[in-house]
Structure formats: C-alpha cells, structure tokens
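K.L.:
Handing you this structure, nothing more for now.
Every number in this text was worked out from the coordinates using simple rules, so none of it is lab data. These numbers were taken from a predicted model, which means no experiment stands behind them. Note: ideal-geometry Cβ built from the backbone for every residue, glycine included; neighbour counts use all protein chains shown.
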Amino acid sequence: MKYLIITWALAIGLMVPLQAIINARLSSLVGGSTQAALISFSGGFLIFVLIDSKKIDLLNKKVIENFSSPVKEVLLKIKDNPKISQQALQKELRDSPKVPDFLNYIFLKSDLEKEEEKEEDIAIEFEVCLDQTEKIQLKESLNKLSSQIKEFENKGDSGKVKKLIQEFNNLSKKLS
C-alpha cells in the first residue's frame, strides 16, 4: 500500500511540469497564451454543457465565438436548441470537418464525468471555467487597448489616448 501511494504521488508530481510543457507548446502553436487557455477551457465547457444543458444559458455568444471551431460549432447548436439530443447534434454536424470524431470523444468524456463527479462539483468547476474564460478575454481586450494607446500616443492624438485610457481603466476594474 505504501508503494502504491508513493507511486501515485510521483505520477501526480510529474503531471505539473508536463502540463506546463503542454501549455507552452499549445501557446506557440496557436499564437499566444490567451488562445491556448481558451482551447484548454473549451473542452471542459462543452463537457459541462453536455452534462447539464441549462449551463449553456450562462455562456453568451461573445464567449462562444472565442472558442476553436469544433467547440464553437457544437456550443452554438446547443445554444440555439438547449434540448437537442446527442443523436440530433451528431446528425446536424456530421458534415463539418473533424466535428463527428470530436463529438464522439466529448460524449464519452461527458458520460465518464457524470459518473465520477458529483453534480455540485460539476457546477463549481463550470463556474470556475466561466470565470477564468472571462478573465482571459478581459486580458486580451486590455492587451489590445494597450497597443492602441501606444499607437495613438505615437500619433500625438491625446483625445483618443484619453478615451482609450478611460476604457482601459474601466476594464481593469472588472478584472479585480
């Protein structure tokens, strides 16, 4: 028993740096940490929505638009019809590239999550994912505003700079 616990502890300890390597690689492939984080969260969102379709109401279309193609397509279909069955979803998206295989994987994963997780744990995890996604999007917006501020400072447009700084400050308050 002691060796089993030690083995599990080592395995879990090895996962932390492995996750960092995966995140860094994903970030370099998709062009930034913001998009990488959204990709990481997107599968989780979809699984939570498949477990409880009422969760789709918590996602606005602006959030959904930031996800990768297969996830976005599926979430938009569910958003349009929260009571859609798995079979109907597969039928409607069967001609979309990569979506059918992706759906099979996500359906399997959601079935496993239903069995392993308590409903209240799933609700908490969903809220955390939603909160983190909103923060990621806010940070992305702040980065864009920062670039625009620099651009208009270089052009000498103090009126536009002042507006952008005000917008930047308002968004920053939402982050904390």
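K.L.:
Kindly rank 147-157, 132-142 from highest to lowest mean number of other beta carbons found within 10 Å of each residue.
P.N.:
Working: 147-157: 12.9, 132-142: 16.3.
By packing density, highest mean first, the sequence is 132-142, 147-157.
K.L.:
May I ask you to derive the FRET efficiency for N143 and D95 from their Cβ-Cβ distance with R0 = 25 Å, giving the value to the nearest 0.05? Intermediate values should be presented prior to the final figure.
P.N.:
Working: r = 36 Å, r/R0 = 1.44.
That gives a FRET efficiency of 0.10.
K.L.:
Here's another thing I want to ask about it. Just to be sure I understand the model, the point goes 7 Å from the Cα along the line to the Cβ. What's the resulting E125 to D111 distance in nm?
P.N.:
1.7
K.L.:
Another question about this same structure. Hey, can you rank 60-72, 93-105 by average C-beta count inside 10 Å, highest first?
P.N.:
On the way: 60-72: 15.7, 93-105: 13.9.
Descending mean neighbour count gives 60-72, 93-105.
K.L.:
Do any of K79/K162; K62/K150; K61/K155; K54/K160; K72/K173; K61/K98 go past 31 Å between their Cα atoms, and which?
P.N.:
K79/K162; K61/K155; K54/K160
K.L.:
May I pose another question? Report the net charge of residues surrounding I149, where surrounding means a beta-carbon distance below 12 angstrom and charges are Lys +1, Arg +1, Asp -1, Glu -1.
P.N.:
Values: positive: K144, K150, K155, K160, K162, K163; negative: E151, E153, D157, E167.
Residues near I149 contribute +2 overall.
K.L.:
Can you list the HN-Hα couplings for the stretch 148-161, worked out from phi with the Karplus curve (6.51, -1.76, 1.60; θ = phi - 60°), rounded to whole Hz and with x for Gly and Pro?
P.N.:
5, 4, 4, 4, 6, 5, 5, 7, x, 8, 5, x, 5, 4
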